[in-house]
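The next block holds one structure in the form of structure tokens; read it before the comments.
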Amino acid sequence: MSLAYYPGCTLKTKARNLEEPAVASMEALGFKLDEIPRWNCCGAVYSLADDDLIHQVAPVRNLIRAKEQGKNELVTLCAFCFNTLKRANLLMKDNAEKRDTLNSFMNEEIDYSGEVKVVHLLEVLRDEIGWEALSQKVKLPLRELKAAPYYGCTLLRPREVAIDSVEDPTILREFLKALGASPVDFPESTRCCGSYQIVSSPDDISEYARPILNSALRHGAEALVLTCPLCDYNLGRGQKELMKKQSGLREMPLFYFTQLLALALGLDPQVCHFELNHGSPESLLKERNLLSQSRSVQPIGG
Amino acid sequence: MSVTVSPKRLRREFVKKVKELSGQNLQSCYQCGMCSGVCPAAANMDISPRRIIELARLGLEEEIAGSKTVWTCASCLACTVNCPRGFDLSKVMEAIRLLTLRKNIDQIHPEDISPEDRRELPQIAMVSGLRKFTG
């Protein structure tokens, strides 16, 4: 089955370790992530000002590309792109006046009124495949991996775009359980990593990372599971700076959820590009016999 | 025809612009402080998120413009989803940022970002940073 897919800029460069295991895993699950043609940058952040329509043009053009393909659903993977595209889509659906202005501004395009549903890959796994069916496809259960789901901001806020409960999200916990891992809940799993403040105030970024990493460690996590390339960068860099200030702090490996998916499905670990990760995840995986075994696949329950 | 610009008039103009850009009714806030309590950046701010709303509705433009609070906000929307009045403070923060940025007063300059950071930062960081800190 083919799914219209929007990758975004970061996944093609810095976060290939988020995208490539996703594409390979979905193929193993019987889905082809089919890139929409001529996609452009989504703008990264949704415009919060009521009069700022020009910044809605970029995300809406991507939604039009999906509509032109006859698709009624667009799958995203980057948490920033998901948020920007989904909010722009809601604007086109709900605000007739702004919709008309944008459609007439883009008069070379077909008219658009929010027909395409924007979803995140985690929602496809939960709603179209299901945790039970996913767990049956697992060839290398991630046993003994105490992984803490970290959601960040943009998959859950604002409320109208949230992929799960804003207060008590469980989607990553259920995902990790389906892969056979031992998810570790911690209270700071939706606390902001500092986001774009890394550009203006890079020195503050370790103080955003500190409560998140400390809380995950205190609750027994040995790794964090992420969905967003900016969370990955900020927590990775923040952690390195904290280790310089605070001797004895153990570096926590940071994984993308798609890397754990590919690993559990028994795919070649090379597709995960662990060399691009923060916190040496490969040594933890080897310690848990999750890397050496991955080529000689074990059945679930075995 | 002459126009008298009084401090009172300027204050009204500021309140009006913030309302227009944010779409938020500043009077709906009842100053409970939930926004400040849940804000992960509040410790780095000189004026708390709750006080920004109070200063904004009084039209105290200079106090707000001189504060680093709106530039410390990461638009994480913790305040937005937790406000018991359904007030979207993230939109007010954006409105105040834009009132400065639209006067061509940029907060960052790409040439000041170190070559290493320019090479290493993910694209979503660069694009969002330049969107939020330049006009």
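The values are calculated or read from the model by the stated rules, or taken from the named source; none is laboratory data. In this text the structure is predicted, and so the values were computed from the model without any measurement. Methodologically, a virtual Cβ is constructed for each residue, glycine included, from the backbone with ideal geometry; neighbour enumeration extends over all protein chains shown.
Checked across the stretch A:31-53, the condition of being assigned to a helix (DSSP H, G or I), farther than 28 Å from A:GLN136 by Cβ and not assigned by TED's automatic domain parsing to the domain that holds A:LEU226 holds for no residue. For the stretch A:259-292, the set of residues classified as within 13 Å of A:ALA147 (Cβ to Cβ) and not in a loop (DSSP other than H, G, I, E, B) consists of A:GLN259, A:LEU260, A:LEU261, A:LEU263, A:ALA264, A:PRO281, A:LEU284, A:LEU285, listed by residue number. Just so you know, in the stretch A:75-112 the residues that are of a type in the set (S, T, N, Q) and more than 30 Å from A:THR258 (Cα to Cα) include one that is nearest to the chain's Cα centre (by Cα), and it is A:ASN95.
Being within 14 Å of another protein chain (Cβ to nearest Cβ), part of a helix (DSSP H, G or I) and among the charged types (D, E, K, R) is a property that does not hold for B:GLU13.
Taking the stretch A:200-241 only, how many residues are more than 14 Å from chain B (Cβ to nearest Cβ), surrounded by 18 or more Cβ atoms within 10 Å (Cβ to Cβ) and not small (Gly, Ala, Ser)? Number of matching residues: 4.
Scanning the stretch A:1-30 for residues that are among the aliphatic types (A, V, I, L, M), assigned to a loop (DSSP other than H, G, I, E, B) and facing another protein chain (nearest Cβ under 10 Å) yields a single hit, A:ALA15. If you go through the stretch A:143-173 and keep only what is at the interface with chain B (Cβ under 9 Å from one of its Cβ atoms) and over 21 Å from A:LEU261 (Cβ atoms), you end up with A:CYS153, A:ARG157, A:PRO158, A:ARG159, A:ALA162, A:VAL166, A:GLU167.
Meeting the requirement of 1 or more residues that are at pLDDT 95 or above and closer than 26 Å to A:GLU27 by Cβ, the helices (runs of 4 or more DSSP H) wholly within the stretch A:91-208 are A:131-137, A:171-178. For B:MET126, state whether it is within 27 Å of A:SER189 (Cβ to Cβ) and within 9 Å of another protein chain (Cβ to nearest Cβ). When the stated conditions are applied, B:MET126 passes them. Residues in the stretch A:71-105 that are of a type in the set (Asp, Glu) and out of contact with any Lys or Arg (no Cβ under 8 Å at 6 or more places or on another chain): A:ASP94, A:GLU97, A:ASP100.
Rundown of residues vs (1) more than 9 Å from chain A (Cβ to nearest Cβ); (2) of a type outside the set (A, V, I, L, M, F, W, C); (3) closer than 24 Å to B:CYS32 by Cα, yes/no style:
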site: B:ILE64; (1), (2), (3): yes, no, yes
site: B:ALA78; (1), (2), (3): no, no, yes
site: B:SER90; (1), (2), (3): no, yes, yes
site: B:MET93; (1), (2), (3): no, no, yes
site: B:THR100; (1), (2), (3): yes, yes, no
site: B:LYS103; (1), (2), (3): yes, yes, no
site: B:ILE108; (1), (2), (3): no, no, no
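For the stretch B:114-135, the count of residues that are among the hydrophobic types (A, V, I, L, M, F, W, C), closer than 28 Å to A:VAL161 by Cα and within 12 Å of the chain's Cα centre (by Cα) is nonzero.
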